[in-house]
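Novice: Got a structure for you, written out below as structure tokens; questions coming shortly.
The values are calculated or read from the model by the stated rules, or taken from the named source; none is laboratory data. Computed from a predicted model, the values in this text were never measured in an experiment. In this analysis, Cβ positions are derived from the backbone assuming ideal geometry, glycine residues included, and neighbour counts consider all displayed protein chains.
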């Protein structure tokens, strides 16, 4: 049921965004670090980061023809971590649906250089280097925890099944072949607000630290 709801939501968003002037689709690798601290304030040092993936669809809105852009998007994220202790192996596999509010700022535009090699390059073509920041709210759509050979469903577990929030920032490179087609690559790093805190003294916390490297393409540049 969760996968069906995800598919419906994701493709509904794509259909809605189809009228946007700068529509983009991206995918890439997500490296997740579980930063866990127990109720005594002690951190678990034996948790290992896992590699997963993300998918994203969104659009960019230039602000009054300036270097700033507003960039809302819908994103599917998979997070994971694993670890061990004497007699135990444990692993988490979590899937979240995120609504991102983002801003971008172009810090470099090499239009003139690239226009010498292809005469069709105009104001919106060439190479852009940009800074990007996002703030997102995320909901878990599927989650499992494995302890040794036993799997536990995390759906409905309060610590993971409540909304939480992420702040991310990074750098990207965008190259436009024409006014209508472009490709990009970007890095985004970030950290969540505490996903949960203990009921006793509030010292128990879990934060997710992520590093995302991705690629994508844009279509339908505004003229």
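Novice: So, restricting to strands (runs of 3 or more DSSP E) that lie completely within region 131-199, which ones have at least 3 residues that are within 17 Å of the chain's Cα centre (by Cα) and without any contact (Cβ under 8 Å) to a residue 40 or more places away in the chain?
Specialist: 164-176, 181-192
Novice: Do we find a residue being in a loop (DSSP other than H, G, I, E, B) and closer than 30 Å to residue 21 by Cβ anywhere in region 76-94?
Specialist: no
Novice: Within region 65-77, is there a residue that is under 20 Å from residue 153 (Cβ atoms), free of Cβ contacts under 8 Å to residues at least 60 places away in the same chain, surrounded by 14 or more Cβ atoms within 10 Å (Cβ to Cβ) and touching a strand residue (DSSP E or B) at 6+ places or on another chain (Cβ under 9 Å)?
Specialist: no
Novice: Among the candidates 153, 161, which residue alone is modelled with pLDDT under 75 and either surrounded by 14 or more Cβ atoms within 10 Å (Cβ to Cβ) or over 21 Å from residue 43 (Cβ atoms) (or both)?
Specialist: 161
Novice: Out of 97, 127, report the one residue that is touching a helix residue (DSSP H, G or I) at 6+ places or on another chain (Cβ under 7 Å), over 19 Å from residue 165 (Cβ atoms) and either at pLDDT 90 or above or in a strand (DSSP E or B) (or both).
Specialist: Sole residue among the options that is touching a helix residue (DSSP H, G or I) at 6+ places or on another chain (Cβ under 7 Å), over 19 Å from residue 165 (Cβ atoms) and either at pLDDT 90 or above or in a strand (DSSP E or B) (or both): 127.
Novice: Taking the conditions exactly as written (over 19 Å from residue 29 (Cβ atoms) and in contact with a strand residue (DSSP E or B) (Cβ under 9 Å, 6 or more places away or on another chain)), does residue 85 satisfy them or not?
Specialist: Spelling it out, it is not the case that residue 85 is over 19 Å from residue 29 (Cβ atoms) and in contact with a strand residue (DSSP E or B) (Cβ under 9 Å, 6 or more places away or on another chain).
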